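The values are calculated or read from the model by the stated rules, or taken from the named source; none is laboratory data. None of these values were measured; they are calculated from a predicted model. Cβ: placed from backbone, ideal geometry, glycine included. Neighbour counts: every protein chain shown. Areas reflect the complete protein model, heavy atoms only, side chains present, ligands, DNA and RNA absent. Shrake-Rupley method; radii C 1.70, N 1.55, O 1.52, S 1.80 Å.
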Amino acid sequence: MSTRNARQAPLAGFVLHRYDWSESSLIIDLFTREQGRIAVAAKGAKRPFSQLRGVLLPFQKLSVTLGRQAGDESAREVQSLRSVEWVGGLPMLRGAALFSGFYVNELLLKLIARHDPHAGLFDAYADTLVALGEPIDGQPALRAFELMLLRECGLLPDLGVETATQRRVGADEPFRVLADSGVMRVDAPADGRPDAEATVSGATLAALQAALDGRDMAALRQAASRRPGELRPILRALVHHHLGGEDALRTRRVLRDAQSLDA
């Protein structure tokens, strides 16, 4: 197959974000399996009778064809959307799951560079959307995706070993996972009870690392569900560190504002 034809082959993708480009058109930030995160111009998508209006929706798998020709480097940053088809197979997110989906999308927008393919992460994202659509607690799915995303970006240390010594983590030992120091064993304080909110057991870390190595999202969610309270503050600190602070995430600010209204 020629390079020209390969460039025009349909891509599997999801809409991460959309914003106005003109009175009738949109710029769509797509996460594709083949090309990573890309920006495309959806011309006429805002017109009342455009077929694109009901298809370019978040959290739904799409098959997209781009109009850029091979060798057209001037169109590399924003490519033309030639056609799009709904693939289906995923539930519509609602309520808390919808907010979680927007949070996951924002993480991808902030941490994944454009034109950097991550086929494994794309599959993990699709799997996470399915998990979020189920009538169960979505927190393990969020923790599993955060872990896989940080791993794919090269921002997660090997959870199975203590970073400084490179020895295997002990199952019954408490550890911290820090952005600047990696996995660190925590010496128990005088009362023999380490700070549960800031530590995670070696057994949990080993199970998470095994699931990450196998790219097994179901196993990763299962490991994350054992002690969800242990992982949430640790992963939140890691994400905020690499984004430059909690205020870098709009979804966090929206949730905080909503909670203040209910208080």
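Of note:
- Surface share of carbon and sulfur [accessible, 1.4 angstrom probe, percent] for region 76-206: 52 percent
- Take the Cα of T163, step 7 Å toward its Cβ, do the same at L243, and the gap between the two points is 2.0 nm.
- Of the peptides 164-173, 43-52, the ranking by mean beta-carbon count within 10 Å, highest at the top, reads 43-52, 164-173.
- R47-S181 FRET efficiency (beta carbon distance; Förster radius 45 Å; 0.05 resolution): 0.25
- Computed from the C-beta positions of D20 and A96, the FRET efficiency with R₀ = 25 Å rounds to 0.30.
- Pair D116, E34: separation of 7 Å Cα→Cβ label points (nm): 2.2 nm
- What region 121-250 shows is 47 Å² of accessible area per residue, with the surface traced by a 1.4 Å probe over protein heavy atoms.
- Residue separation of T65 and D137 scaled by 0.36 nm, minus their Cα-Cα distance, works out to 22.3 nm of gained length.
- With a Förster radius of 30 Å applied to the beta-carbon distance between R250 and R215, the computed FRET efficiency rounds to 0.55.
- Taking every DSSP beta bridge that has both ends in region 32-183, the antiparallel portion is near 70%.
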